[in-house]
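The values are calculated or read from the model by the stated rules, or taken from the named source; none is laboratory data. Please read these numbers as outputs of a predicted model, since none were measured by experiment. Cβ: placed from backbone, ideal geometry, glycine included. Neighbour counts: every protein chain shown. Just the protein is used for accessible areas: all its heavy atoms, side chains included, with ligands, DNA and RNA removed. Shrake-Rupley method; radii C 1.70, N 1.55, O 1.52, S 1.80 Å.
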Amino acid sequence: MSILRTARHTPLRQETRRKEQGRSWPRVVWCIHDATSGHRRQLEGLAKALQEQQNAAVYWLPYRSGAADLPRPELILVCGRRTHWAGLKARWWHGGKLVALMNPGVLRPLFDACIVPEHDGLEMSRRNIVTRGPLNPLRPATRIDPSRGLILIGGPSRHFHWDAEQVVEQIQRLRRNLPDVNWQIATSRRTPNDFVPMLSTLQDDRCQVLPAAETSSAHLTALYDQCGVIWVTADSAAMLYEALSSGAAVGVLDLQARKPNRLQAGLDKLIADGHVTELTTLEHSKSMPPPRTPLRESQRAAAALRARFIVWSHQGHCSTRGK
């Protein structure tokens, strides 16, 4: 049956069956991933939202592995350049709708849909679902403590100049302006090794440093659930949007942009909209503004994805190769 056939041309019993099946779509989801933790967290965010909305069965596949023993997918999710061709091959052999998280560039016309952050500059369309930042698996915390603070440290990137002394100086100013907050400072895999000893000079009974090598993803997630104040270095877009999804009051530690870029433009918009506080604003007010409504982009993207494909497929599920 052509997917272009309209509902009024479909017999009532068949249309009822389609709607019932559509409400249960997708039932089988494949997540094809690489070794990048940021890519996997985006996939986890969308997969978790699909499970919450639909109780979908999710299967995880490394991009170089086969899938002979898995049930046929109705939805295939990929994230990261190395997963794109693996996803295209999986759709060819096993069927299903193929969705890329982040912009796949010149391969975009080959995907059934793409979920892209708004700072990539793409417009919402039949193929594109535009979100506020990259997806993540966080949910708003229910019992955050405003006396507990978390500082998330990134590192050198192609978008921002890294200035270790400037970051340390901003952390000192932050602590002076929020003296009642107990801080934990978490580094990332991009943080230079020689920066950790600089941070250790800040340690005392109200400040603890958590090196990335000694901090698990589960530990960081627990901190998101507990801390009412979170500050992030400007280079760390993924961590910034995770903080905005946690329900905490969020601030940004400034770094100089190498040149005008999409990440800086996205950050400027968050500041202008009042979602993120700058250090100079904090120094003027001497207190953090109350947290804004947490972002729920993974849930919103999952709902938009399901709505699109339920409409596109008059069978209420994905087509397979040969149909």
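When the surface is traced with a 1.4 Å probe over the full set of protein chains, Lys89 keeps roughly 130 Å² accessible. Taking semi-axes √(5λ) of the Cα gyration tensor in Å as calculated from this structure, the corresponding entry among (1) 41, 20, 18; (2) 45, 22, 18; (3) 35, 22, 17 is (1). The distance between label points at His219 and Asp268 comes to 3.8 nm (points 7 Å beyond Cα on the Cα→Cβ vector).
At a 1.4 Å probe, what is the % contribution of carbon and sulfur to the accessible area of the chain? Intermediate values should be presented prior to the final figure.
On the way: 8250 of 15840 Å².
Result for the chain: 52 percent of the exposed heavy-atom area is carbon or sulfur.
Spin-label model, Asp163/Ala304: points 7 Å from Cα along the beta carbon direction are separated by 3.6 nm.
When ligands, DNA and RNA are left out and all protein chains stay put, how many square angstrom of accessible area per residue does the chain have with a 1.4 Å probe?
Numbers: 15840 Å² over 323 residues.
Accessible area per residue: 49 Å².
Put a dot 7 Å past the Cα of Gln256, heading toward its Cβ, do the same for Glu283, and the two dots end up 1.7 nm apart.
Let me check I've understood the local charge: for Gly149, count other residues with C-beta under 10 angstrom from its C-beta, Lys and Arg +1, Asp and Glu -1. What total comes out?
Values: positive: Arg148, Arg175, Arg206; negative: Asp145, Asp180.
Summing Lys and Arg as +1 and Asp and Glu as -1 gives +1.
Helix 37-54 and the longest principal axis of the C-alpha atoms of the chain enclose an angle of approximately 50°. Mean residue ellipticity, 222 nm, helices only, the chain: the sum of -39500 (n - 2.57) across DSSP H runs of n ≥ 4, divided by residue count and rounded to 500, is -11500 deg cm²/dmol. For the chain, the longest principal axis of the Cα atoms and the long axis of helix 81-94 meet at an angle of about 20 degrees.
How far, in nm, would the chain grow between Arg176 and Arg72 when pulled straight, counting 0.36 nm per residue and subtracting the alpha carbon separation?
31.8 nm
First select every other residue whose beta carbon is under 15 angstrom from the beta carbon of Leu107; then total the charges, Lys and Arg +1, Asp and Glu -1. With Lys, Arg at +1 and Asp, Glu at -1, the net is +4. Lysine pair count for the chain (Cα-Cα distance under 26 Å; residues 8 or more apart in sequence or on different chains): 10. For the listed peptides 53-61, 74-82, a ranking on the average number of other beta carbons within 10 Å per residue, highest first, reads 74-82, 53-61.
Remark: accessible surface ordering of Asp34, Asp180 (largest first) is Asp180, Asp34, probe radius 1.4 Å.
Summing Lys, Arg as +1 and Asp, Glu as -1, what charge do residues with Cβ under 14 Å from the Cβ of Val196 carry, Val196 excluded? Surrounding charge for Val196 is 0.
Computed from Cα atoms, the angle from the helix 164-177 axis to the main principal axis of the chain rounds to 80 degrees.
Of all DSSP beta bridges confined to the chain, the antiparallel ones make up roughly 5%.
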